[in-house]
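Before any comments, here is the structure.
What follows is calculated from the coordinates using simple rules that are stated; it is not laboratory data. Quantities reported herein were computed from a predicted structural model and do not represent experimental measurements. Here the Cβ positions follow ideal geometry from the backbone for every residue, glycine too, while neighbour counts run over all protein chains shown.
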Amino acid sequence: MKIFLVGFMGCGKSHFGKRLAIQSGWDFLDTDREIERRAGLSIPEIFERHGEQRFRELERQTIGELAAIKRDTVVALGGGAVCCEGTMEMLNGAGLTVYLKMSPERLVARIDKKGRDKRPKIKGMDDGQLLSFVEKLLPEREKYYNKATFVLDCEGVADERIVGLLLRQVEAIKC
Ligand code: S3P
């Protein structure tokens with residue numbers, strides 16, 4: 001079985017995904033780390049040297065391969081990875097997709113300077129710029145995120161409780 005965690009930058013797909021995998025005894029994979037490993041370049045370097053379009057091609061290729069993995073795995077996907085036609089449908093056929101839904105304010109609060117600087121699309125932004133960016137892009141991306149089988153609305157849910165709620169989903173699909 002595979003769990004695919006989707007959602008905007010900063011919602012904690014990798015953070016919570018790693019903890020979920022440990023607690024479930026499953027493997028953990030992150031599309032960004034997989035792309036970096038294969039390219040031998042960091043995400044900022046890929047954007048800088050080859051452009052976003054090439055990054056998206058690598059991302060699509062990587063997702064297709066990860067979706068075919070047979071062992072129990074939690075996969076954290078990059079924030080833009082599912083924002084094209086057909087990807088959510090493909091992932092829904094390959095495992096359980098979960099959207100970690102958070103408000104723009106919470107997303108901004110979760111991404112510190114270091115976190116912004118390692119993400120080319122938001123590098124160097126202050127809180128106000130990042131909030132405007134998220135408020136504009138999130139509704140566009142939610143068209144895709146909302147295709148997830150399970151939407152975990154994190155509004156009012158403390159970080160400490162999120163892995164527990166995800167675990168409950170894993171237990172439910174095991175039954
Ligand atoms: C991106 C999100 C990043 C990474 C890249 C582009 C995006 O992943 O794939 O910087 O377009 O939202 P995270 O969502 O893990 O930050």
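The set of residues in the stretch 94-107 being assigned to a helix (DSSP H, G or I) and more than 16 Å from the ligand (Cβ to nearest atom) consists of A94, E105.
Scanning the stretch 30-67 for residues that are more than 16 Å from the chain's Cα centre (by Cα) and outside any helix (DSSP H, G or I), we see that the one that is surrounded by the fewest Cβ atoms within 10 Å (Cβ to Cβ) is G40. Residues in the stretch 110-136 that are hydrophobic (A, V, I, L, M, F, W, C) and in contact (Cβ under 8 Å) with a residue 24 or more places away in the chain: I111, I122, L131, V134. State all residues of the stretch 95-113 that are within 17 Å of C11 (Cβ to Cβ) and among the charged types (D, E, K, R); if no residue qualifies, say none. The answer is K101, E105, R106, R110, D112. Pairs meeting the criteria (first residue in the stretch 10-37 and in contact (Cβ under 8 Å) with a residue 24 or more places away in the chain and small (G, A, S), second residue within 11 Å of the ligand (Cβ to nearest atom) and not in a helix (DSSP H, G or I), beta carbons under 7 Å, at least 6 apart or on different chains) are G10/I111; G12/L100; S14/D30; S14/A76; G17/L5; G17/A76.
Counting only residues that are surrounded by 13 or more Cβ atoms within 10 Å (Cβ to Cβ) and away from the ligand (no atom under 12 Å from the Cβ), the stretch 108-129 holds 4 of them. Taking residues in the stretch 46-59 that are without any contact (Cβ under 8 Å) to a residue 12 or more places away in the chain, and partners anywhere that are assigned to a helix (DSSP H, G or I), the pairs with Cβ atoms closer than 8 Å and at least 6 places apart or on different chains are R54/I46. For the stretch 145-173, filtering for residues that are in contact (Cβ under 8 Å) with a residue 60 or more places away in the chain and surrounded by fewer than 16 Cβ atoms within 10 Å (Cβ to Cβ) leaves 3.
Looking across the stretch 1-28, the residues that are crowded, with 21+ Cβ neighbours inside 10 Å, within 15 Å of the ligand (Cβ to nearest atom) and assigned to a strand (DSSP E or B) come down to F4, L5, V6.
Say we look at the stretch 68-93 and pick out the residues that are assigned to a loop (DSSP other than H, G, I, E, B) and within 12 Å of the ligand (Cβ to nearest atom); which of these is farthest from the chain's Cα centre (by Cα)?
Start the filter on the stretch 68-93 by keeping residues that are assigned to a loop (DSSP other than H, G, I, E, B), which leaves 68-72, 77-86.
Filter once more, so that each one left must be within 12 Å of the ligand (Cβ to nearest atom): 77-84.
On the way: L77: 4, G78: 4, G79: 5, G80: 8, A81: 8, V82: 9, C83: 11, C84: 14 Å.
So the residue we want is C84.
With respect to the conditions (1) among the charged types (D, E, K, R); (2) in contact with a helix residue (DSSP H, G or I) (Cβ under 8 Å, 6 or more places away or on another chain); (3) crowded, with 16+ Cβ neighbours inside 10 Å, E142 falls short on a single one, namely (2).
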